[in-house]
Amino acid sequence: MRPNGRHTAGASQLSALRMWAMGLVLLSAVAISPTTAKAAPSQAAVATTHVYLLRGVLNIFSLGLDTIGARLQAQGVPVTVANFVSWSSLADEAAAAYRAGRIKTIILVGHSSGATALPDMIAKLNQLGVPVKLAIGLDSVFKTKLSTGAERYINIYIGDGPGEPVRAAAGFRGKLDNVDVRGTGVGHISIDKNEAIQRRVIAEIDTAIMRARVPAAPVAGPGTPRQARSAAAAAPARN
């Protein structure tokens, strides 16, 4: 018979293998759900989109955002990668470009402190009359609450790490998704560099760009001048 020690080591290795496999399955789910772009966005939609990527502290722990930015640029998507402390001035720049018609779709991505700064940047843009199509936070390090919102906010965080779920304040409008990736082997420093996470982020951005539409002209309601003119034109002429 084999010594008990060898049986114990085998069981431990099998358990570790199962945990590793489970982590791969969970990361794959993060990469492909809930939506994955099925086709490339139109060039017109891409050209009028701008993605702002906010790094965390010291600019040395969020370099995965540079990789995401490079991949988006390869698709023709304009990007800005900056430290989170620049969020206010970036909001001013984005608002000016939006008012000038150079940008129609604004998307924000942040890691660590960059993720924590996203609600503040969204709030300032909203105050300036600028909508945010999509915001994605990667492991925000402080409790974060959305008082105003992007059309969609995705918070990917590590539930048993430093990351926190994002809460919606009273009156919040928009869609908020908290995605917990605990147990996948992803850490706070590596979450922005993980291939599956990066694919998920880019897929969500592609989908948001494809769904971006210029607001349609309002349809005239009852009693409006347009309806009155239409009714007059349709009415039979009287002698």
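The values are calculated or read from the model by the stated rules, or taken from the named source; none is laboratory data. The structure presented is a predicted model; accordingly, all values stated were derived computationally and were not measured. All Cβ positions, even for glycine, are placed from backbone atoms using ideal geometry, and neighbour counts span all protein chains on display.
With respect to the conditions (1) in contact with a Pro (Cβ under 8 Å, 6 or more places away or on another chain); (2) within 21 Å of ASN59 (Cβ to Cβ), VAL166 falls short on a single one, namely (2).
Filtering LEU26, LEU90, LEU72 for residues that are surrounded by 13 or more Cβ atoms within 10 Å (Cβ to Cβ) and modelled with pLDDT under 85 leaves a single hit, LEU26. For first residues located in the stretch 70-97 and of a type in the set (Ser, Thr, Tyr), partners that are buried (at least 17 other Cβ atoms within 10 Å of the Cβ) and lie 6+ apart or on another chain with Cβ distances below 6 Å form the pairs THR80/TYR52. For the stretch 148-159, the condition of being of a type in the set (Ser, Thr, Tyr), crowded, with 24+ Cβ neighbours inside 10 Å and on the phi > 0 side of the Ramachandran plot holds for none of the residues.
Show the residue pairs that are 6+ apart or on different chains and have beta-carbon atoms under 9 Å apart, the first residue being within the stretch 55-68 and at negative phi and among the acidic types (Asp, Glu), the second being assigned to a loop (DSSP other than H, G, I, E, B) and modelled with pLDDT of 95 or more. Qualifying pairs under 9 Å: none. Would you confirm whether or not the stretch 107-129 contains a residue that is part of a loop (DSSP other than H, G, I, E, B) and free of Cβ contacts under 8 Å to residues at least 60 places away in the same chain? Checking the stretch 107-129: at least one residue is part of a loop (DSSP other than H, G, I, E, B) and free of Cβ contacts under 8 Å to residues at least 60 places away in the same chain.
Report whether or not ILE136 is within 14 Å of the chain's Cα centre (by Cα) and either assigned to a strand (DSSP E or B) or of a type outside the set (Val, Ile, Thr) (or both). It is true that ILE136 is within 14 Å of the chain's Cα centre (by Cα) and either assigned to a strand (DSSP E or B) or of a type outside the set (Val, Ile, Thr) (or both).
Among the residues of the stretch 38-65, those identified as closer than 21 Å to LYS193 by Cβ, in contact with a strand residue (DSSP E or B) (Cβ under 6 Å, 6 or more places away or on another chain) and not in a loop (DSSP other than H, G, I, E, B) are VAL51, TYR52, LEU53, LEU54, ARG55, ASN59, LEU65. For the stretch 164-185, residues that are crowded, with 17+ Cβ neighbours inside 10 Å, touching a residue at least 40 places away in the same chain (Cβ under 8 Å) and either touching a Ser or Thr at 6+ places or on another chain (Cβ under 7 Å) or not aliphatic (A, V, I, L, M) (or both) total 2.
One residue stands out among those in the stretch 139-176 that are assigned to a strand (DSSP E or B) and touching a helix residue (DSSP H, G or I) at 6+ places or on another chain (Cβ under 6 Å): the one that is modelled with the lowest pLDDT, which is THR144. Would the stretch 55-69 turn up any residue that is exposed (fewer than 11 other Cβ atoms within 10 Å of the Cβ), polar (S, T, N, Q) and either at pLDDT 95 or above or closer than 20 Å to ALA203 by Cα (or both)? Scanning the stretch 55-69 turns up no residue that is exposed (fewer than 11 other Cβ atoms within 10 Å of the Cβ), polar (S, T, N, Q) and either at pLDDT 95 or above or closer than 20 Å to ALA203 by Cα (or both). Within the stretch 66-85, restricting attention to residues that are of a type in the set (Val, Ile, Thr) and not in a helix (DSSP H, G or I), the residue that is farthest from LEU118 (Cα to Cα) is VAL77.
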